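The values are calculated or read from the model by the stated rules, or taken from the named source; none is laboratory data. Remember, it's a predicted structure, so these values are computed and weren't measured experimentally. Note: ideal-geometry Cβ built from the backbone for every residue, glycine included; neighbour counts use all protein chains shown. For the accessible areas, the whole protein counts, side chains as well, though only heavy atoms, and no ligand, DNA or RNA atoms are used. Shrake-Rupley method; radii C 1.70, N 1.55, O 1.52, S 1.80 Å.
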Amino acid sequence: MMRPLILALLAAGLAGCSLAPAYHVPESAAPAAAFQEAAGWKQAQPADALARGQWWKVYGDAGLDALQDKISVGNQGLQAALARLQQARAQTQFAGANRYPTVEAKAGATRARTSVNAPGFKPGAEPVGNNYSLGLDLSYELDVFGRVRNQVSAAEAGEQASTADVATLELSLRAELASDYFSLRSDDAQQLLLERVVEEYAKALQLTENLFKGGAAASIDVAQAQAQLETARTKAADLRLHRAQTEHAIAVLLGENPSSFKLAPRALAESVAPPAIDPGLPSALLERRPDVAAAERRVAAANASIGVAKAAYFPVFSLAAAFGYDSTQTGSWLQAPSRAWSVGPLAALTLFDGGRRNAQNQQAQAAYDEQVANYRNTVLAAYRDVEDSLVALRELEQQGASQAAAAAAAGRALEQSNYRYKGGVATYLEVAVSQNAALQAQLAASAIQLRRMQASVQLVKALGGGWQV
């Protein structure tokens, strides 16, 4: 009688149903046929020019490559994310262990006194005695309604989400490093410009002082020349401050002490421009971004958790077995007559819990709805990131061209003002205005170049870098 029942319960456990809803990737905003802001953007030819894996190599900068090689082992935020991934993997193993029986070994030796007034005590028996036990206990939950399987599915989906989280963080950190690196090199370029300007302003001040001493210039001209020089020096000092702080930020990204980290100055060449990058089709974007994958896996985990919550309404079937030895004397402890065993199925069903299971089901459903909304929002943000980067690159390219023309014109105006001032047909105010205009135009051109490089980095990040599913 017992064996057919046990076999039937085992078969039911192996072929049990799952109460989790059939999972489908949530619907999200329909992708457009093409990115709206890609019009006019110079696409890479061929279309696969976006580097896979080490995407930063598309910039062809050995200094950037060397820094990127250090971030994977040095960045502490990334190490923390990897530790969280290990926790998720351990949680998956923990949940998966419930698919197998639990076997416990027990041994004990006790000496006890039984009350002579106890209902089961036999008159005349010795109230004090020993008990020696040794045995194995086995318990196994028959997963008839999929509670265990859904717990495992939720844990596996959570682990996959954690894996994608690590990729998302690494992509963000590498993009931040590239952006900071170009900012630092731009600071170096602007520093060279300001050093040259300071030298020119110092010469102009000396010339003005000589003219003043000779009666060919007014004292106000000397004051204006002095103000121009000190203003340029102030900008140079502020730029050195910004460069130092950027260098410190890079050190932290690499997991190094800012007090001992140093990057030698190297100006970003005026010819450096963003590489051509093909954004691909919007329909393929969701397969290229790890944050979208992480959001989708959390939806799957929440869906499986609904099945776990629903299973609480149904009985829990399990199989229990025990085998061992039990004796009052050590001499007969392990002998055949001291053997004892038991085996049989168990069933447990909660009849009343004050609404606890209903609340758990509502919570599970609400958690699923939250993850679906998060997923859809992540998808929308992905499209926005690409569109923002594309329009930035397109417009900044045009700004760069117009600003270069403005800088060239300001340079010519400054040259003419210097000639006019030396010839005595113009005041130093005209020279000062031209100097300031020329400096601002050159600094603006350098700033636009930096923004173009950083927008390019953001486009690579928005496209998922070199991440693969």
Apart from one, (1) among the aliphatic types (A, V, I, L, M); (2) modelled with pLDDT of 95 or more; (3) loosely packed, with under 13 Cβ neighbours inside 10 Å all hold for L67; the odd one out is (3)
Among (1) among the hydroxyl-bearing types (S, T, Y); (2) surrounded by 14 or more Cβ atoms within 10 Å (Cβ to Cβ); (3) modelled with pLDDT of 90 or more, T102 falls short only on (2)
Within segment 382-429, residues in contact with a helix residue (DSSP H, G or I) (Cβ under 6 Å, 6 or more places away or on another chain), of a type outside the set (A, V, I, L, M) and modelled with pLDDT of 90 or more come out as D385, E387, S389, Q399, G400, Q403, G411
Taking segment 322-334 and keeping only residues that are assigned to a strand (DSSP E or B) and open to solvent by 30 Å² or more (accessible area, probe 1.4 Å), one is left with A322, F323, Y325, D326
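Give the residues of segment 138-152 that are open to solvent by 50 Å² or more (accessible area, probe 1.4 Å) and of a type outside the set (A, V, I, L, M, F, W, C), sorted by residue number.
From segment 138-152, those open to solvent by 50 Å² or more (accessible area, probe 1.4 Å) are 138-139, 147, 149, 151; that's our starting set.
Across segment 138-152, the qualifying residues are S139, R147, R149, Q151.
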R266 passes all but one of the listed conditions (1) in contact (Cβ under 8 Å) with a residue 24 or more places away in the chain; (2) farther than 15 Å from S183 by Cα; the exception is number (2)
When (1) open to solvent by 70 Å² or more (accessible area, probe 1.4 Å); (2) assigned to a loop (DSSP other than H, G, I, E, B); (3) not aliphatic (A, V, I, L, M) are applied to S115, the one that fails is (1)
V316 passes all but one of the listed conditions (1) open to solvent by 30 Å² or more (accessible area, probe 1.4 Å); (2) out of contact with any strand residue (DSSP E or B) (no Cβ under 7 Å at 6 or more places or on another chain); the exception is number (2)
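Can you name the residue in segment 194-234 that is of a type in the set (D, E) and over 30 Å from A447 (Cα atoms) and is also least open to solvent (accessible area, probe 1.4 Å) among such residues? Spell out how you get there, then give the answer.
Restricting attention to segment 194-234, the residues satisfying the condition of being of a type in the set (D, E) are 195, 199-200, 209, 221, 230.
Next, from what is left, pick out any that are over 30 Å from A447 (Cα atoms): 209, 221.
Working: E209: 59, D221: 16 Å².
Going through the qualifying residues, I end up with D221.
The rows are residues; the columns are (1) open to solvent by less than 50 Å² (accessible area, probe 1.4 Å); (2) over 40 Å from the mean Cα position of the chain (by Cα).
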position	(1), (2)
Y383	yes, no
D388	no, no
A405	no, yes
E415	no, yes
Y421	yes, yes
Q435	yes, yes
Counting only residues that are open to solvent by 90 Å² or more (accessible area, probe 1.4 Å) and closer than 30 Å to E209 by Cα, segment 235-281 contains a total of 2
